[in-house]
Every structure is written in C-alpha cells, then in structure tokens.
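**Q** Right, I'll just put the structure down here and ask away after.
Every number in this text was worked out from the coordinates using simple rules, so none of it is lab data. Just so you know, these numbers come straight off a predicted model, no measurement behind them. Note: ideal-geometry Cβ built from the backbone for every residue, glycine included; neighbour counts use all protein chains shown.
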Amino acid sequence: MENSREVFAKNLRYQLMKNKKSQNDLAHAIGVSKTTISEWLSGKKYPRVDKLQTIADYFDIYRSDLTDEKQDLLATKLPVYKNISSDFPIMNDTNIIGTEDFPSDLTKPTDYFALLDNSNTMMPFKGIQHIVIARKQNYAKDGDIAVVLIDNDDAIIRQVKKEKDLLILKAKDPDIEDLYFTEEAMKVHNIRFIGVVEVSRIHW
C-alpha cells in the first residue's frame, strides 16, 4: 500500500496531465517554487493542509481527490521499446525491455512512446546508452531530434537539418556519418518521421 506522499504525488501528476498544466503553471498559480512542486511529485515532501486546499481550488476538485488513493488514474509509466519497426504505430510487445516514468509536465501518455537508443547516436560520448521519450508525430522541424524510419528498417534517432531541398539527418557521434536525402531520395528510401524527442535520459 502506498504512503500518503506517494498517493498525493500520483494524484497531483494525474491532475497536471488531465488539465494540461506544467509544473511551472502550478508553481506560479499557488505561489511556491518549481523545486517544491518537484519534491511533491517525487514523493519526497507533502504539502501543508492550507496548500492542499489551494491546489484543490486551482484544479476545481475536492481535497480528497488529491489525498485519497485512486484506482482509475492514467498510466504514469511508459513501456520502453528496444526497437521500433516499420509496422509503427503497431508495437511489438516482445521488444519491451522495461518501463520509464512518464514526465508529469507532459500531457497524455498515449501520445508518446519510449525508445532505447541502441547505437548511442545522440550521445556526445561513448559507452552510455540512453532512453528517449518521443511525441508521436509524422513531421519534424529543423533542429528537432526525431525518430525516423528509413527503408523499412528499425527506427533511428537523428537531429534534423533542412537546407533548401535537402534533408540531413545528423548524429552527435562523430564516427557516424550524416545522412543526406533529396526529395526524390526521401521517396525512394520511404523516409517516415514517427516522433520528436522531448525527453532524453541516461539508461544505466
């Protein structure tokens, strides 16, 4: 059974996601620091009774909606996939290697997926893998870190650069060559964006 701090943290995370509010939004509205919000969300601290009521008023809910254990909250963990194939958005559950906490300042978990960067392509140094949490979308802007399918192979993670009619997919690892595609080559190689990275975490 979860303790009161863990229950409150889960309920607060749910209210932030449900109402599409960030930690900064809440901190500013109720007059506390973002550090305080982070400590509440991590279960390290528990707010005073008056702050509980202030938070409840902010979300227009009962105080018990923050303090009582609920069974119907949105999932707060994402499955982490070892790889993603060209069948996306159909995911192969046999590729799941674990779970990752869903960031409380993002919105619906179903709009995101988590992926292990097997080749360390976006790390500035070698020997450490990382997990990315990406928002599902079929386009990427210049400068985005995107999850890309090429030639129906497993997805890769690259930074997007656009120069006139040229698409460049860059890796931070200097030993990995940049990939260049004209508009025609993008069609030939069936290039498809499936997500844009919003969070990157070291995978120990």
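**Q** Cα-Cα pairs above 19 Å in the chain: how many percent? Each step should come with its number before you reach the end.
**A** Details: 13526 of 20706 pairs.
When all Cα pairs of the chain are counted, 65 percent exceed 19 Å.
**Q** Can you work out D for the range 143-202 in µm² s⁻¹ from Stokes-Einstein, where Rh is the Kirkwood radius over C-alpha pairs, the temperature is 25 °C and the viscosity is 0.890 mPa s? Could you put the intermediate results ahead of the total?
**A** Numbers: Rh = 12.0 Å.
Answer from the Stokes-Einstein relation: 204 µm²/s.
**Q** Something else now. Please give, to one decimal in nm, the separation of the simple spin-label points placed at THR67 and VAL49, each 7 Å out from Cα toward the Cβ.
**A** My value for the distance between the label points is 0.8 nm.
**Q** Further question: Calculated FRET efficiency, ASP178 and MET91, Cβ-Cβ r, R0 25 Å, to nearest 0.05?
**A** Step by step, r from the Cβ atoms, then E = 0.30.
**Q** Pull up the DSSP beta bridges for the chain and report the antiparallel fraction as a percent, rounded to 5.
**A** 95 percent
**Q** If I model a spin label at GLU163 and TYR139 as a point 7 Å from the Cα along the Cα→Cβ vector, what separation in nanometres do I get?
**A** Computed distance between label sites GLU163 and TYR139 equals 2.3 nm.
**Q** So which lysines can LYS44 reach, going by Cα to Cα under 22 Å and dropping same-chain residues fewer than 8 places off?
**A** Of all the lysines, those that pass the test against LYS44 - Cα under 22 Å, at least 8 places apart if same chain - are LYS10, LYS21, LYS34, LYS70, LYS77.
**Q** When the Kirkwood radius is taken over all Cα pairs of the range 4-67, what Stokes-Einstein diffusion coefficient follows at 4 °C and 1.567 mPa s, in µm²/s?
**A** Details: Rh = 11.3 Å.
The calculation lands on 114 µm²/s.
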